[in-house]
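The values are calculated or read from the model by the stated rules, or taken from the named source; none is laboratory data. All figures in this text were calculated on a predicted structure; none of them were measured in a lab. We place every Cβ from the backbone using ideal geometry, glycine too, and count neighbours over all the protein chains shown. Ligands, DNA and RNA are stripped out before the accessible areas are found, and what is left, the full protein with its side chains, is counted by its heavy atoms. Shrake-Rupley method; radii C 1.70, N 1.55, O 1.52, S 1.80 Å.
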Amino acid sequence: MSILVIGSVALDSVETPFGKRDDILGGSATFFSITASFFNKVNIVATVGEDFPKQYVTLLKNKKIGLDGLTVSKGKTFRWKGRYDFDLNTAHTISTHLNVFKDFDPCVPEHLRKPEFLFLANIDPDLQYKVLQQVKRPKLVACDSMNYWITTKKRSLERLLKKVDILLLNDAEARQFSGESNLIKAAQRVISYGPKAVVIKRGEYGVIYFSKNAHFIAPAYLLEKIYDPTGAGDTFAGGMVGYISRAKTINETTIRKGIIYGSIMASFTVEDFSVNRLLRISQRDIESRFNHFKKITKF
Ligand code: AMP
């Protein structure tokens, strides 16, 4: 079972109440693929600039992530600069420089055109659409987006949603996209655009999953120390899609379990800057947190 992801591979500059880092490895496809690689083979479709550090390419290679679809374009790598205050649930974007993504025309390599699972990680919805059009219909198409694209490319996002099975958004984005403040109504509105289900991420308050006839609520794994929430959403998606890709069938039970794995994986990412914590964990760490999660939510 293979997973294909299109999204950003970026250099982030991040400031939180606990520290500041410049030009560290980031990007939606980066967090997603490193996380999903704990579960399955992942291939990336993205582009970086000539300034993208070689050590980051090596890092992705060491995680056995397929890079045949990662091109180097003339120009600078995508850059995102953000800040978090003590309310770590809200990212304040200081700047977004699309750079090489501005003229990126994704071409999925021939041998990657039959993925069983496709994740359209946060990037220009027109690029997500182009990739979707180049592949044979996967078993599952999941998609993420953010306020930046909802503001600048809502129409493109609406066109894309007709072909998406599960949409992931945070609560503010769900409200912005739907124009509804109540999350049940927001989810129903999102589903009316095409997705079979929507996962609304609520940071430290966990996630709510809505499908046409059911919903499921999961808390976040409680942590004493959170250093940098950047990438939590993409990591969540990596854990969720990664787990589902290993299950024999896709049904409500496997989706729910995927949501818990997503929450567990995100709980690691926020414990350090960039992907640093993800690089230090093992399968045992994941399973031990998963089992602890089971214990603390049983009643
Ligand atoms: P999240 O999981 O929502 O915290 O995503 C954080 C990652 O999204 C960062 O590493 C950024 O590089 C990336 N990012 C921020 N803005 C955008 C954007 N407009 N398009 C694509 N990726 C972005």
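When the range 109-135 is filtered for residues that are within 19 Å of residue 244 (Cα to Cα) and away from the ligand (no atom under 12 Å from the Cβ), the ones remaining, listed by number, are 114, 115, 116, 117, 118, 119. Just one residue in the set 87, 51 is loosely packed, with under 15 Cβ neighbours inside 10 Å, within 16 Å of the ligand (Cβ to nearest atom), part of a loop (DSSP other than H, G, I, E, B) and at pLDDT 95 or above; that residue is 51. When 160, 169 are screened for being touching a Phe, Trp or Tyr at 6+ places or on another chain (Cβ under 7 Å), within 16 Å of the ligand (Cβ to nearest atom) and assigned to a helix (DSSP H, G or I), only 160 passes.
Among the residues in the range 94-108, are any surrounded by 17 or more Cβ atoms within 10 Å (Cβ to Cβ) and more than 14 Å from the ligand (Cβ to nearest atom)? Looking for residues that are surrounded by 17 or more Cβ atoms within 10 Å (Cβ to Cβ) and more than 14 Å from the ligand (Cβ to nearest atom), one finds at least one in the range 94-108, hence yes.
Could you list, in sequence order, all residues of the range 179-214 that are open to solvent by 40 Å² or more (accessible area, probe 1.4 Å) and either among the basic types (Lys, Arg) or not in a loop (DSSP other than H, G, I, E, B) (or both)?
Selection gives 184, 185, 188, 189, 196, 202, 203, 204, 205, 212.
Just name the residue that is surrounded by the most Cβ atoms within 10 Å (Cβ to Cβ) out of those in the range 18-48 that are within 14 Å of the ligand (Cβ to nearest atom) and more than 24 Å from residue 135 (Cα to Cα). Spell out how you get there, then give the answer.
We begin by selecting, within the range 18-48, every residue within 14 Å of the ligand (Cβ to nearest atom); these are 21-36, 44-48.
Filter again for more than 24 Å from residue 135 (Cα to Cα), leaving 21-26.
Numbers: 21: 18, 22: 10, 23: 15, 24: 17, 25: 24, 26: 28.
Only one residue fits best here, namely 26.
Using the structure shown, decide if residue 141 is open to solvent by less than 20 Å² (accessible area, probe 1.4 Å), hydrophobic (A, V, I, L, M, F, W, C) and either more than 23 Å from residue 47 (Cα to Cα) or in contact (Cβ under 8 Å) with a residue 60 or more places away in the chain (or both). Judged against the criteria, residue 141 is not a match.
For the range 100-129, the set of residues classified as in a helix (DSSP H, G or I) and either within 16 Å of residue 67 (Cβ to Cβ) or over 18 Å from the mean Cα position of the chain (by Cα) (or both) consists of 100, 110, 111, 112, listed by residue number. Tell me whether the range 56-77 contains one or more residues that are in a strand (DSSP E or B) and either over 30 Å from residue 40 (Cβ atoms) or within 11 Å of the ligand (Cβ to nearest atom) (or both). Checked the range 56-77: no residue is in a strand (DSSP E or B) and either over 30 Å from residue 40 (Cβ atoms) or within 11 Å of the ligand (Cβ to nearest atom) (or both). Out of all the residues in the range 270-279, is one or more without any contact (Cβ under 8 Å) to a residue 24 or more places away in the chain and either surrounded by fewer than 22 Cβ atoms within 10 Å (Cβ to Cβ) or in contact with a Phe, Trp or Tyr (Cβ under 7 Å, 6 or more places away or on another chain) (or both)? Looking for residues that are without any contact (Cβ under 8 Å) to a residue 24 or more places away in the chain and either surrounded by fewer than 22 Cβ atoms within 10 Å (Cβ to Cβ) or in contact with a Phe, Trp or Tyr (Cβ under 7 Å, 6 or more places away or on another chain) (or both), one finds at least one in the range 270-279, hence yes. Consider the range 220-239 and keep the residues that are within 13 Å of the ligand (Cβ to nearest atom) and hydrophobic (A, V, I, L, M, F, W, C). The one that is nearest to the chain's Cα centre (by Cα) is 237. Using the structure shown, decide if residue 217 is hydrophobic (A, V, I, L, M, F, W, C), more than 16 Å from the ligand (Cβ to nearest atom) and open to solvent by 40 Å² or more (accessible area, probe 1.4 Å). For residue 217, the condition - hydrophobic (A, V, I, L, M, F, W, C), more than 16 Å from the ligand (Cβ to nearest atom) and open to solvent by 40 Å² or more (accessible area, probe 1.4 Å) - is met. When residue 287 is tested against the conditions (1) touching a residue at least 60 places away in the same chain (Cβ under 8 Å); (2) part of a helix (DSSP H, G or I), the lone failure is (1).
If you scan the range 144-155, which residues turn out to be polar (S, T, N, Q) and crowded, with 17+ Cβ neighbours inside 10 Å? Matches in the range 144-155: 145 only.
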